[in-house]
Amino acid sequence: MNDKGNATTGAAMLLGVLLAFGLGLLGYQLTGGLEHFRGATERVVTVKGLAEREVPADTAIWPIRFDAASDDLEALYATLERQSGQVAAFLREAGFGADAISQSAPAITDRRAQGYGNPNAQDLRYAGNATVTVYTQDVEKVRESMRRLTELGRQGIAISGQDYGSRTEFLYTGLNDLKPAMIEEATRNAREVAARFAEDSESRLGKIRTANQGLFSIQDRDSNTPHIKKVRVVSTIEYYLVD
């Protein structure tokens with residue numbers, strides 16, 4: 001009886017060992033298969049697609065700043081007021097409507113009240129400036145009128161140079177109309193690059209894994225043509241590669 005029981009126990013232990021070994025082998029094979037599957041599905045290529053457009057500006061902001069100086073403060077205010085009227089008249093004669101023209105209040109500096117320099121060396125005590133600004137969608141009319149500013153100089157108006165505060169701005173506001181076509185172009189260009197890479201690596205191009213549209217930028221084409229804008233977007237796309 002004991003021999004029979006021992007034989008049964010031994011057979012059961014052997015069966016357990018074989019079962020454990022089989023399960024372990026199956027688990028190893030499944031793990032290897034999953035790792036191979038993961039490696040196959042995660043073979044990717046990351047590419048960038050570029051789209052660019054050159055477009056004309058559709059809005060202009062043109063500040064015309066002019067300076068004057070005097071020892072008589074009241075006379076200086078009168079001069080700046082008169083010159084503001086002359087500049088506004090020049091702009092109306094050029095074809096700009098009253099709704100496109102705005103005038104700033106004069107800015108006056110008392111040179112002798114400054115905390116630096118030699119106050120006695122100043123020829124005229126008060127210096128002032130004023131600005132008349134045009135805001136319009138007629139960009140070409142602004143460019144044409146800018147070439148005629150010498151007419152104001154002949155009237156005795158000292159036009160200031162275009163520094164940061166009085167620089168003419170040309171803007172493009174139609175970006176939303178360009179976005180769909182440019183995104184499509186950037187995506188198409190990215191796919192062409194990815195397809196060439198897949199071909200070189202003897203693979204096939206799979207689906208998109210991730211996509212980043214990128215930011216649109218609007219810049220002057222160059223420093224001499226600020227009225228022509230370059231619109232640019234770069235999309236970054238990650239594709240799966242399939243054997």
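What follows is calculated from the coordinates using simple rules that are stated; it is not laboratory data. Bear in mind that the values here come from a model prediction, so they are computed numbers and not experimental data. All Cβ positions, glycine included, derive from the backbone under ideal geometry; neighbour counts span all protein chains shown.
At a glance:
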{"read-out": "Selection within the stretch 197-228 - in contact with a Lys or Arg (Cβ under 8 Å, 6 or more places away or on another chain) and part of a strand (DSSP E or B)", "value": "205, 217, 218, 219, 220, 228"}
{"read-out": "Positions within the stretch 139-183 being within 13 Å of residue 55 (Cβ to Cβ) and in contact with a His (Cβ under 7 Å, 6 or more places away or on another chain), in sequence order", "value": "139, 170"}
{"read-out": "Filtered residues of the stretch 78-111 (kept if among the acidic types (Asp, Glu) and closer than 15 Å to residue 131 by Cα)", "value": "81"}
{"read-out": "Qualifying residue in the stretch 178-196 (condition: in a loop (DSSP other than H, G, I, E, B) and touching a strand residue (DSSP E or B) at 6+ places or on another chain (Cβ under 8 Å))", "value": "no"}
{"read-out": "Filtered residues of the stretch 49-88 (kept if over 27 Å from residue 149 (Cα atoms) and surrounded by 15 or more Cβ atoms within 10 Å (Cβ to Cβ))", "value": "49, 50, 51, 53"}
